[in-house]
Amino acid sequence: MKRNEYDVIIVGGGITGAGTARDCAMRGLRVLLIERHDIATGATGRNHGLLHSGARYAVTDQESANECIRENMILRRIASHCVDETDGFFITLPEDDLNYQAKFVESCLAAGISAEVIDPKEALRMEPALNPDLIGAVKVPDGSVDPFRLCASNMVDAKIHGAQVLLYTEVTGFIKDGDTIKGVRTYNHQTHKAVEYYANITVNAAGIWGQHIADLAGVKIGMFPAKGALLIFAHRVNGIVINRCRKPANADILVPGDTVCIIGTTSTKIPFEECDEVRVTPDEVNLLVEEGAKLAPALASTRILRAYAGVRPLVSADNDPSGRNISRGIVCLDHEERDGLKGFVTITGGKLMTYRLMAEMVTDLVCRKLSVDKACETAETPLPGAGGKNFREVAEKIWENPTTVQKAAVARLGTTANRVQTSDSLDQSLICECEEVSVGEINSAIERLDVSGLTDLRRRTRLGMGTCQGELCGCRAAGMLAKAHGCADKARDDLKDFLTERWKGMYPIGWGDALREAEYTQWVYKHVLGV
Amino acid sequence: MRFDTVIIGGGLAGLTAGISLQEAGRKTAIVSSGQNAMHFFSGNFESPSADRDRIAALFAAAGVRTNAIDGQMLMPMGTFRDASLTLEDVTVFPDRHVADKALIVNFTGFHDFFSTFIADALEQDGTACRIRFVRLPEMEHLRLSPSEMRSVNIARAMDEHWEKVVADIRILHKDEDLILLPQVFGLKDASVLDKIRTALPARVAFIGTMPPSVPGIRTQMLLKRRFEVLGGTYLMGDEVTSAALHDGIVSSVTTRNLDTVRLFADHFILATGGYFSKGIVTTPTQVHEPLFGLDLDFPENRSAWYRADFFADQPFMNFGVKTDEALHALKDGEPVRNLFAIGSILGNTRKEDFGTAAGLAIRTAFAVVDNIKGENV
């Protein structure tokens, strides 16, 4: 085999691409994954992190609901280290129609989702953060899932099975031979080199940017970018996911995740050109704060950490360019059948929750085309790090008397935390105090997880995701990266980018304590440290 | 209780005003919540050289030695800043070629001193750098907790064990003409700095760390002591809760700890700082001064408070309490005749006259003190 030849090239390093790379590699294919930024930079890292039970879709879309609950149960098994089994409530407030509840429960049960009506008083006892005015509650098997961890785990396992991953590499064009795609032209933003890669099949798994990739290949996909804005609160106000029991609307889901909780979302159509630079507007922030407090009144007095927005890859299910037939379901396009273009397939639509199923569908298609007869095993095979009931149990299997730093590492990395050096007090020393990220964990990420900068490091370790938003740990970690990569200049520029990236999510909510923190950060970096 | 002047806020601005007033024989009280920007002071007064004699004299009387040298200050991230007056901890270099060879010494596992960045920057200006680490058994207890290897904790250990570190550095030192150390020495007693300089075989420069700032904390303690030695009343850990303001005159304030005992004074000085120390408070729609409800200018549209580039000049950093020429605070467009605003509560509203940062704090304090003493009226 020539160095640049593969069975399959996957374009996109979000959860769909990572899952597809894993599935293809597990079926014995020679896989190359190409991502123009870092892993999980698109919609994968810009959502609620909700492990949907499917209940939200039960009334309107039975098929999606059923897909969700099946994948929900699978992820609890194969990605236990990424999942927090919190359960979820669908609550009815006085201004909502309580009649909707019966229809909701019936639809859930029909889709195979357990839905138990709970007395409002009992619900309030189980979740004290709930709005005490609630008149109804239904318990469903929602949870929370860390999309960064899930994506990284899929990527790691794909590599274990032989896949190659190229980050910061952009597809700039396709190599065509008549009606067949033979490979891709790429440009690496770090080495500044243009390289060509060849494969029998190229999978377009670029999310919303899949429209552009399809354009490059010479086929049309009608995407309908919809921006969704969310807010992160500085405390884990609720322990159980809280949803509104009504037709899906704005700001009606509050998800606890790690040390924080997240309210969302909104839905605004945006032009495709804006997908790379989505901003959260003051109106969106105001709406999220106002509606969020209806789910959990404590939110009104809880510090907001940051605002962010993602773009849903909604796609027209057929060739209808009007957008009337938009689907939130999975769209798997065989461009040979659809457009007469061989060697090119697209997997899009869908949701974080159904990434594995999407990967399975497109890998099945790829295997059929390559005449590979091997069944999908991703629903049964745990991801690296999964295993053990809870993080305490896992930690106690690795270390005799785990310290809080070791437990924090297990909570993020699952069983693979055993690779993190924590034997020495130097390794256990904390770089990020908000999220308890140690020297050992950062070194381990730098060594094993393709980290080229601080923002990459954040996606893999939660560094800088806490209360101070990287103001203290950014500098410390930059020092470690400067040493590890032997390049202080790059690390200093990287620190500036990191702080500007953190600021992007802070200024939309820049008042009160968040502005106090921002002033302090301005002082420290401009006057004290001299960045 | 009655004072000539009550100062609200015990940071650099409040202490400078308090000491100056006590030196002039004015009975002064400072109400301090305990938090202030001295804990992240760079050591650079960021003030024009014209003022430096007066500042240096005030600090010297408090036992704080300063360097009045025009030159370049080496910052913790390896960049340089202009300096004309600094704390004695800070070495001011004539130019960026600080030495031919430098030895940079850090403590093993101390991530708040950025030796790699400093070495990289100095090498670009022709200084060959070697980074070495020291590790003392006397500091091992700090490592038991994963978040204890921070500047002030190390400085506490160094107050006792600095001689052992000096002995280690003497072994590490080869032929370098400059030794760079983190600013973790002399927390209690700055004379340790001179002893270290004498004991080492090359010039020594102390470089800043991530806050808390050891020189800043020491300076704050010395200034507070000076104020109290002069007879000033420092109400530590207290907060002004309300103020009596009628017809453009403040007659008294109340504090949380003193409860019903009011503080009366002829003059009041507001030195409560910016956002961080809550001198200025923000909500989604408002920027306000919480004690007196003083005038502040800010755009109604919140988006205009910020710029997307974090390192650009941020509009919100310019917001501050409005004053007249003499720094009387304005309320409803009128000056409050015995209430002055000094320090970072002014934001950048008086940047042209008084500069920013530490320079702003000290120079506005001097201006107000002169006014109160009647020298400039």
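Among the residues making up the range B:71-103, those that are part of a strand (DSSP E or B) and facing chain A (nearest Cβ under 9 Å) are B:MET73, B:LEU74, B:PHE80, B:ARG81. Restricting attention to the range B:193-212 and to residues that are touching a helix residue (DSSP H, G or I) at 6+ places or on another chain (Cβ under 7 Å), farther than 14 Å from B:LEU103 by Cβ and surrounded by fewer than 21 Cβ atoms within 10 Å (Cβ to Cβ), the residue that is modelled with the highest pLDDT turns out to be B:ALA199. With respect to (1) outside any helix (DSSP H, G or I); (2) of a type in the set (S, T, N, Q); (3) within 14 Å of chain A (Cβ to nearest Cβ), the lone exception for B:ASN153 is condition (1).
I'd like to verify a number: residues in the range B:17-59 that are within 14 Å of chain A (Cβ to nearest Cβ) and charged (D, E, K, R), how many? Even if it seems obvious, please write down each step before you answer.
To start, the set of residues in the range B:17-59 that are within 14 Å of chain A (Cβ to nearest Cβ) comprises B:33, B:35-47.
Okay, now just the ones that are also charged (D, E, K, R), so B:46.
Residues flagged as within 14 Å of chain A (Cβ to nearest Cβ) and charged (D, E, K, R) within the range B:17-59 amount to 1.
Scanning the range B:253-284 for residues that are within 22 Å of B:GLY343 (Cβ to Cβ), of a type in the set (S, T, N, Q) and in contact with a Phe, Trp or Tyr (Cβ under 6 Å, 6 or more places away or on another chain) yields one hit, B:THR282.
Selection within the range B:104-125: residues that are part of a loop (DSSP other than H, G, I, E, B) and more than 13 Å from B:MET77 (Cα to Cα). The member of this set that is nearest to the other protein chains (Cβ to nearest Cβ) is B:GLY109.
Yes/no matrix, rows are residues, columns are (1) among the aromatic types (Phe, Trp, Tyr); (2) more than 10 Å from chain A (Cβ to nearest Cβ):
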position	(1), (2)
B:THR282	no, no
B:PHE298	yes, yes
B:ALA308	no, no
B:LYS322	no, yes
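Note on the range A:293-347: among residues that are acidic (Asp, Glu) and within 27 Å of the chain's Cα centre (by Cα), the one that is modelled with the lowest pLDDT is A:ASP318.
Close Cβ contacts (under 8 Å, 6 or more residues apart or on different chains) running from residues in the range B:253-278 that are in the same structural domain as B:ALA13 (by TED's automatic domain parsing) and farther than 30 Å from A:ALA518 by Cβ to residues that are of a type in the set (Ser, Thr, Tyr) and surrounded by 22 or more Cβ atoms within 10 Å (Cβ to Cβ) comprise B:ALA265/B:THR5; B:ASP266/B:THR5; B:HIS267/B:THR5. Screening the range B:192-249 for strands (runs of 3 or more DSSP E) wholly inside it with 3 or more residues that are assigned by TED's automatic domain parsing to the domain that holds B:ASP332 returns the ranges B:233-236, B:240-246.
Do the conditions hold for B:ASN338, that is, is it touching a residue at least 24 places away in the same chain (Cβ under 8 Å), surrounded by fewer than 20 Cβ atoms within 10 Å (Cβ to Cβ) and in contact with a His (Cβ under 6 Å, 6 or more places away or on another chain)? I'd like the intermediate steps shown before the answer.
Numbers: touching a residue at least 24 places away in the same chain (Cβ under 8 Å): yes; surrounded by fewer than 20 Cβ atoms within 10 Å (Cβ to Cβ): yes; in contact with a His (Cβ under 6 Å, 6 or more places away or on another chain): yes.
In short, yes.
Checking each residue in the range A:12-53 for being small (Gly, Ala, Ser), in contact with a Ser or Thr (Cβ under 6 Å, 6 or more places away or on another chain) and within 18 Å of A:TRP209 (Cα to Cα) picks out only A:GLY14.
This table checks each residue for (1) among the basic types (Lys, Arg); (2) in contact (Cβ under 8 Å) with a residue 12 or more places away in the chain.
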site	(1), (2)
B:LYS322	yes, yes
B:GLU325	no, no
B:GLY333	no, yes
B:GLY343	no, yes
B:ASN348	no, yes
B:PHE354	no, yes
B:LEU360	no, yes
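Summed over the range A:122-137, residues that are buried (at least 22 other Cβ atoms within 10 Å of the Cβ) and charged (D, E, K, R) total 1.
Take the residues of the range A:472-511 that are at the interface with another protein chain (Cβ under 7 Å from one of its Cβ atoms), in a helix (DSSP H, G or I) and within 19 Å of B:ASN318 (Cβ to Cβ): which is farthest from the chain's Cα centre (by Cα)? Checking each candidate, the answer is A:TYR507.
With the condition being β-branched (Val, Ile, Thr) and touching a helix residue (DSSP H, G or I) at 6+ places or on another chain (Cβ under 6 Å), I'd like the helices (runs of 4 or more DSSP H) fully within the range A:1-118 carrying at least 3 qualifying residues.
Working: elements: A:15-26, A:55-58, A:62-78, A:99-111.
Passing ranges, in order: A:15-26.
Hey, among A:ALA488, A:ALA484, which residue is in contact (Cβ under 8 Å) with a residue 24 or more places away in the chain and within 24 Å of A:GLU447 (Cβ to Cβ)?
Values: A:ALA488 fails: in contact (Cβ under 8 Å) with a residue 24 or more places away in the chain.
Exactly one residue qualifies, and that residue is A:ALA484.
Quick one: would you say A:LEU515 is out of contact with any strand residue (DSSP E or B) (no Cβ under 9 Å at 6 or more places or on another chain), at the interface with chain B (Cβ under 7 Å from one of its Cβ atoms) and in a helix (DSSP H, G or I)? It is false that A:LEU515 is out of contact with any strand residue (DSSP E or B) (no Cβ under 9 Å at 6 or more places or on another chain), at the interface with chain B (Cβ under 7 Å from one of its Cβ atoms) and in a helix (DSSP H, G or I).
The values are calculated or read from the model by the stated rules, or taken from the named source; none is laboratory data. Source: prediction; values computed, not measured. Glycine also receives a Cβ, built like all others from the backbone with ideal geometry; neighbour counts cover every protein chain displayed.
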